[in-house]
Amino acid sequence: MSAQRQNYFTEIREGEPSEIVVGDFLQWKKTDLAEVYDPSLYTLEYHARIAGGANEISITATDGGDYFLISVNSSVTEDYNAGFYHWQAEILRNSDSNRIVVDRGTFEVVADLDVNSSDPRSHAEKMLSKIQGLLEGKADQDVSSYSIGGRSLTKLSFEELIEAEKYFAEKVRQETAQLDAKNHRNTGATVKVRF
């Protein structure tokens with residue numbers, strides 16, 4: 001049985017996305033907030049900041065009647081920088097502009113593979129590749145610690161690299177399984193049942 005597809009241009013999803021593709025049209029709604037804050041009297045805004053950086057995304061919702069409607073055109077999202085973002089949702093009272101932060105969360109902005117030459121791999125995939133490169137002897141292993149400008153740096157031991165490789169390999173496996181489940185792909189895994 002195939003999964004039911006939705007037309008996201010006409011069917012508005014409820015709730016914030018966990019992933020945004022650079023250059024994609026975005027649209028979602030917040031019905032639960034509109035039940036408490038009348039969209040004709042309050043404004044919903046989202047502010048997101050990239051982890052470890054200064055890039056900020058700001059989005060203002062519109063009054064959808066029974067819900068707040070959040071809609072962002074492709075021409076706006078094409079300027080988003082790929083990365084991991086922390087966001088907060090703020091309600092502003094229109095009468096005096098006082099605000100309350102009502103929710104927080106995270107999303108990831110991922111590269112558009114059509115036009116962006118950036119590395120589309122996840123953080124876990126990048127780390128696994130780097131660790132495997134070190135294990136294959138691509139890095140200078142003559143020195144286990146050294147000092148630069150008065151700062152002391154220590155390389156990971158072989159055992160620590162093996163543990164890190166296991167950790168990131170499991171992260172990559174989990175990401176792949178989540179992506180397979182999201183896209184309703186059969187992984188071929190055997191499910192054992194006891195009668």
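Which of the residues that make up the range 9-33 are within 19 Å of the chain's Cα centre (by Cα) and either part of a loop (DSSP other than H, G, I, E, B) or among the hydrophobic types (A, V, I, L, M, F, W, C) (or both)?
Those that are within 19 Å of the chain's Cα centre (by Cα) and either part of a loop (DSSP other than H, G, I, E, B) or among the hydrophobic types (A, V, I, L, M, F, W, C) (or both): G15, E16, P17, S18, I20, V21, V22, G23, D24, F25, L26, W28.
Looking at (1) closer than 30 Å to R5 by Cβ; (2) at pLDDT 70 or above, can you tell me which one N98 breaks?
In the conditions (1) closer than 30 Å to R5 by Cβ; (2) at pLDDT 70 or above, N98 misses (1) alone.
Among the numbered criteria (1) more than 16 Å from the chain's Cα centre (by Cα); (2) part of a helix (DSSP H, G or I), which single criterion is violated by A124?
Tallying (1) more than 16 Å from the chain's Cα centre (by Cα); (2) part of a helix (DSSP H, G or I), A124 fails exactly one: (1).
The values are calculated or read from the model by the stated rules, or taken from the named source; none is laboratory data. Predicted, not measured: the structure shown is a model, and the values here were computed from it. Neighbour counts run over all protein chains shown; Cβ positions are idealised from the backbone, glycine included.
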